[in-house]
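Some notes on the structure that comes next.
Only the coordinates and a few stated rules stand behind these numbers; no lab work does. Given the structure is predicted, the values throughout are model-derived calculations rather than measurements. Here Cβ is always computed from backbone atoms with ideal geometry, including for glycine, and neighbour counts include all displayed protein chains.
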Amino acid sequence: MTPPLLYALAGVALFSIGVGGLITAAHLLRQVLSFNVAGSGVFLFLVAMAYRTPGPFPDPVPHAMVLTGIVVAVSATALALLLICIRHESTARSATGEDDRP
Amino acid sequence: MGNHESGRRSRRSRRLTGPALGAGLALVVATLPEAPAALPHLVREALARSGVENPVTAVLLNFRGYDTLLEVAVLLLAAVAAQALNTGLSGRAPLPPANLFLTAFFRFLAPFAIVVAGYLLWVGKHAPGGAFQAGAVLAALGILAALTTGAHPCWESPRLALALVAGLLVFSGVGLTLLQTEGRFLKYPAAHAGTLILIIEAAAAVSIAAALIALFNAGSGGDPGSRPPSGRHCASHPLRSRP
């Protein structure tokens with residue numbers, strides 16, 4: 001088990017935890033948090049995969065993609081949080097589906 | 001009864017989805033074949049012509065410049081959408097009023113943060129750093145300003161609007177100019193690539209910071225209900241008006 005593989009598996013674990021949370025959580029804030037955990041897993045996986053290339057230096061292309069992805073994830077998260085606030089203001093609800101309680 | 005039973009079963013299957021997905025993906029990752037080495041080689045070969053020495057910066061601003069251009073556009077879109085949605089939420093905690101000590105702390109910290117941001121922007125040429133890191137430091141400074149001094153940037157002001165769109169304007173402007181002179185969008189001439197990348201990064205850093213501050217500002221304080229209709233309400237800026 002090489003360190004990059006260990007990090008990649010940790011990324012897979014984070015992604016699965018995030019997806020699991022996204023499916024099971026009813027509260028919208030929890031869903032956004034789960035989405036971010038899953039996204040962090042993807043980033044960790046990509047960074048770890050960059051070290052699989054032979055040679056002393058990691059592949060810079062996945063690293064650049066992660067940098068781009070972080071910024072997009074931050075802006076999407078901020079927008080999602082704002083939409084949750086607006087929904088909560090207008091309906092006094094912050095959850096989805098069958099557990100939809102104020 | 002049947003409905004209840006099926007609901008419980010669907011909940012259990014939902015709870016099992018995460019672990020099942022993780023196990024499957026872990027199996028795939030553990031048995032991945034050897035990495036194809038073409039892309040890193042291409043980057044290393046072209047690095048000398050990219051104008052920068054840091055391969056990540058070269059990929060971001062030169063080889064995959066489209067990605068970064070669209071990313072700056074996404075950030076601008078999110079900031080504009082957040083500002084457009086920010087039309088009178090009442091239930092949010094207002095920003096704290098200006099505090100003498102915190103304001104002094106902010107005044108002390110601000111120059112250092114700006115220097116760090118400038119250093120990060122410059123160092124991106126040959127080491128980890130660049131527009132995003134510099135923009136994040138500047139955005140942290142802006143959020144700190146809002147939290148410590150209660151400063152509300154007014155997004156109607158032309159200067160802030162310009163800061164918000166500067167990155168996209170400069171980036172696409174350079175791209176279109178190169179389309180005219182070099183025949184390809186964002187194809188830097190090797191002699192001026194470093195300078196052009198630094199210009200784009202400087203504008204992008206300002207825009208990234210402005211967009212992040214706008215996103216923070218839309219979700220906290222900044223009650224638009226109390227805004228005067230004109231865009232000239234920045235006079236009561238706590239950093240400018242001294243008692």
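So here's what we get for this one:
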item	result
Computed over chain A, Kirkwood Rh from alpha-carbon pairs, angstrom	15.1
Burial ordering of B:Ile200, B:Ile208, B:Ile143, fewest other beta-carbon atoms within 10 Å first	B:Ile143, B:Ile200, B:Ile208
Test item: A:53-66 mean partner chain Cβ contacts at 10 Å	6
Cα centroid of segment B:58-76 to Cα centroid of segment B:23-57, whole Å	18
Taking B:Glu182, B:Glu201, B:Glu34 and counting other C-beta atoms within 10 Å, the order from fewest to most	B:Glu34, B:Glu182, B:Glu201
Chain A, helix-only ellipticity at 222 nm - DSSP H runs n ≥ 4, -39,500 (n - 2.57), divided by all residues, nearest 500	-26500 deg cm²/dmol
Inter-part distance where segment A:34-90 and segment B:147-203 are each reduced to a Cα centre, Å	23
For the protein assembly as shown, alpha-carbon Rg relative to the globular expectation (2.2 N^0.38 Å, N residues)	1.14
